[in-house]
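The values are calculated or read from the model by the stated rules, or taken from the named source; none is laboratory data. The structure presented is a predicted model; accordingly, all values stated were derived computationally and were not measured. Counting neighbours? That spans all protein chains shown, and the Cβs are built from the backbone with ideal geometry, glycine included.
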Amino acid sequence: MITLGDYLVVSAILFAIGFAGVMLRRNLIVILMSLELMLNAANLSLVAFSRFRVGANGLPDYKAQVFVFFVITVAAAEVAVGLALLVALYRARQTTDVKDISSLKF
Amino acid sequence: MSPFLFWIFAVLTVIFGAAVVLNRNPVASALSLVVSFLGLSALFMSLDAFFVGIIQVLVYAGAVMVLFLFIIMLLDIRAEERRRINWLATAGGIGVAVILLIQIWVVIGHFQPARRTFPPLARHVLSGAEGSTTDDVWNIGQLLFNNYNLPFQIIGVLVLVATIGVVILSRREPR
C-alpha cells in the first residue's frame, strides 16, 4: 500500500531537483521554471497531508486544499511579474544569463 | 489508487522534473515541465483532490506554460552555449541539494505517521451518491468564501497589482 511517506519522499525529491536547478542553471527562464517546481513540490505534500487527515465526517481536510489554491494563485502572479522583469532586462542588456547580471553582486 | 499507478506517475513527474534542469534548450525544459505538471496533477487526483488536479492542469499546463513558451520564443533564447564549467560551483550546488534531500529523507524516516497508509473516506463519499468527493469544489468553495473570505479578497488585490505591475514593467520607456 502507498503510505503518506511515499508522497512526502516524491515531494522532497521534486523540491531538491528545483533547488538544484536554481543553484546550477545560469539561464533566468530555467531558474523561474525551477522555482515553479519547488512550489509544486510543496503543494504535493500539502495535498497529501490533506488526504491523510480525514475528519469525523469522512471527508479530507479541505483547509490544506484552500491553501494550495492560494499558493497556485501567488505562483501564477509571480511567474507573470518574473517574466515581465525578464523582458525588461532583455531590452536593457540583451541577455538572460545570470552571470552577465552581476552589478548587485557583493 | 493502485500502487502501480502511483509509482508510474511519481517516476514520470520526477524524471521530467529532472529533465527541466538538465536540458540545455529552454524550449525542451518548458515542455518537460508540462509533462511533469501533468504527472503531478495525476498524483493530486490519486489523493482525491480533483479540484486541485484540474486547477493544476488549467493554470500550470495551460496558462503558465504558454507564458513561458511565449517569452522564450519572443526573446529567441537559444540553447546555452557550453562555457567552461565552474566545477566548484557545480559540485557545491549539487552537494547542497543532495544534503537537503538527505535531511528531508531522515526527517520523514523519523516521522511516525509517514509509515501509515491513508485512512479511507466515508462510505457515502466513495459511492458517488449525495455529497460525494466530486463535491470537493463545493467543499472548497464553502471554506474559501466563509472562513477564508478576507485572504481570498487580498489574493484578488494581489493579482490586480501583479497585472498592473506587469503592464508597467513591460512598457517601453518614453525617451
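The residues listed here are B:I94, B:I77, B:I85; of these, the one that is touching a strand residue (DSSP E or B) at 6+ places or on another chain (Cβ under 9 Å) and under 25 Å from A:N27 (Cα atoms) is B:I77.
Exactly one residue out of B:S132, B:S127 is more than 9 Å from chain A (Cβ to nearest Cβ), over 30 Å from B:L75 (Cβ atoms), surrounded by 13 or more Cβ atoms within 10 Å (Cβ to Cβ) and modelled with pLDDT under 90, and it is B:S132. Against the conditions (1) within 7 Å of chain B (Cβ to nearest Cβ); (2) modelled with pLDDT of 90 or more; (3) more than 22 Å from B:V137 (Cβ to Cβ), A:N27 satisfies every one except (2).
Does region B:36-73 hold any residues that are within 9 Å of chain A (Cβ to nearest Cβ), more than 11 Å from the chain's Cα centre (by Cα) and closer than 16 Å to A:V66 by Cα, and which are they? Within region B:36-73, B:L47, B:D48, B:A49, B:F51 meet the criteria.
Give A:L85, A:L14, A:L104 a once-over and let me know the one that is at the interface with chain B (Cβ under 7 Å from one of its Cβ atoms) and either farther than 18 Å from B:F70 by Cα or under 12 Å from the mean Cα position of the chain (by Cα) (or both). Answer to the selection: A:L14. Does B:I102 satisfy being within 7 Å of chain A (Cβ to nearest Cβ), of a type in the set (V, I, T) and over 15 Å from the mean Cα position of the chain (by Cα)? It is false that B:I102 is within 7 Å of chain A (Cβ to nearest Cβ), of a type in the set (V, I, T) and over 15 Å from the mean Cα position of the chain (by Cα).
To keep it simple, each residue is scored yes or no on (1) assigned by TED's automatic domain parsing to the domain that holds B:F4; (2) farther than 20 Å from A:T73 by Cα; (3) not in a helix (DSSP H, G or I).
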{"residue": "B:G53", "(1), (2), (3)": "yes, no, no"}
{"residue": "B:F68", "(1), (2), (3)": "yes, no, no"}
{"residue": "B:I72", "(1), (2), (3)": "yes, yes, no"}
{"residue": "B:G92", "(1), (2), (3)": "no, yes, no"}
{"residue": "B:I102", "(1), (2), (3)": "no, yes, no"}
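Within region A:39-68, the residues that satisfy the criterion of being over 19 Å from A:L8 (Cα atoms) and either more than 7 Å from chain B (Cβ to nearest Cβ) or touching a Cys at 6+ places or on another chain (Cβ under 7 Å) (or both) are A:G55, A:A56. Just one of the numbered conditions (1) loosely packed, with under 11 Cβ neighbours inside 10 Å; (2) modelled with pLDDT under 90 is not true of B:L121: (1).
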